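A short worksheet on the structure shown next.
The values are calculated or read from the model by the stated rules, or taken from the named source; none is laboratory data. Only a predicted model underlies this, so the values are computations on that prediction, with no experimental measurement involved. So basically every Cβ, Gly included, is an ideal-geometry build from the backbone, and we count neighbours across all protein chains shown.
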Amino acid sequence: MFVNIRNAWRDPAWRAEFAATFAILAPVLFAMTHFLDAVERRRGVTLPDPVLALFPAINLTWVTFLIIYAGIIAGLAVLVQNPRRFLLVFQGYAVMALFRMAAMYLAPLEPPPGIIELRDPFIEFFGGGKTLTRDLFFSGHTSTMFLLFLLIPGTRLRVVYACLTLLVGLCVVLQHVHYTVDVVAAPFFAYGAYSIVVGICKRRGILVN
């Protein structure tokens, strides 16, 4: 499984890009830690959502976690066989995190009525150990799965990740963790992040296969 990564590691240019990728990603995630803390203390707007008004919240916490973390682990296990795409997923995630901070800053929202909190250990870690309820626009879980969909190779796997993206979006809406618009907008931001990092590769003459 790791043969391609070991081969890539022998390339000084790939090693340099690997180091640069995580040198950028680390401070972005650190900044997001403090940003999410500030978002939780800020007042926002409650959006009318006719979709959420149709049903009471359903607790799908463990189903959501199972889909997300199994999808991420399996996705990285596949992407590690393609060193270029492996780096792109982290680069795209860094850009997407910047998008999320900008979007949340510009669109402060109150949690949807009837929310059942999604106690995500990863997000709580980056949010200072608190359960986050105002990190709303746009859905980070949905956008992460869609980013994997964009980068995962193979038609069959892409179909799987398209389905996982839909399931994650459905789960967070059914649990009233997100407004419908948070989920609908997420793939567009993920595609924007993907387009930026792939576009940079192309301008550098690097083939993404």
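Among the listed residues Ile67, Ile73, Ile5, Ile24, identify the single one that is in contact with a Leu (Cβ under 7 Å, 6 or more places away or on another chain) and either of a type outside the set (D, E, K, R) or on the phi > 0 side of the Ramachandran plot (or both). Exactly one residue qualifies, and that residue is Ile67. Answer yes if at least one residue in region 174-181 is under 23 Å from Ala38 (Cα atoms) and in a helix (DSSP H, G or I), and no otherwise. Yes. For Phe122, the criteria (1) modelled with pLDDT of 95 or more; (2) under 24 Å from Val39 (Cβ atoms) hold in every case but one, which is (1). Leu88 fulfils the conditions (1) within 21 Å of Ala162 (Cα to Cα); (2) modelled with pLDDT under 95; (3) aliphatic (A, V, I, L, M) except for a single criterion, (2).
For region 79-93, a residue qualifies if it is assigned to a helix (DSSP H, G or I) and crowded, with 19+ Cβ neighbours inside 10 Å, and the qualifying residues are Leu79, Pro83, Arg85, Phe86, Leu87, Leu88, Val89, Gln91, Gly92, Tyr93. Kindly indicate whether any position in region 63-75 is β-branched (Val, Ile, Thr), without any contact (Cβ under 8 Å) to a residue 12 or more places away in the chain and part of a helix (DSSP H, G or I). So far as region 63-75 goes, yes, one or more of its residues are β-branched (Val, Ile, Thr), without any contact (Cβ under 8 Å) to a residue 12 or more places away in the chain and part of a helix (DSSP H, G or I). Criterion applied to Arg41, Arg10, Arg6, Arg15 was being among the basic types (Lys, Arg) and either closer than 22 Å to Asp135 by Cβ or under 21 Å from the mean Cα position of the chain (by Cα) (or both), and the one residue passing it is Arg41.
Screening Leu25 with (1) more than 16 Å from the chain's Cα centre (by Cα); (2) surrounded by 13 or more Cβ atoms within 10 Å (Cβ to Cβ); (3) not β-branched (Val, Ile, Thr) gives one miss only, at (1). Just a yes or no: is a residue in region 163-174 within 12 Å of the chain's Cα centre (by Cα) and β-branched (Val, Ile, Thr)? Scanning region 163-174 turns up at least one residue that is within 12 Å of the chain's Cα centre (by Cα) and β-branched (Val, Ile, Thr).
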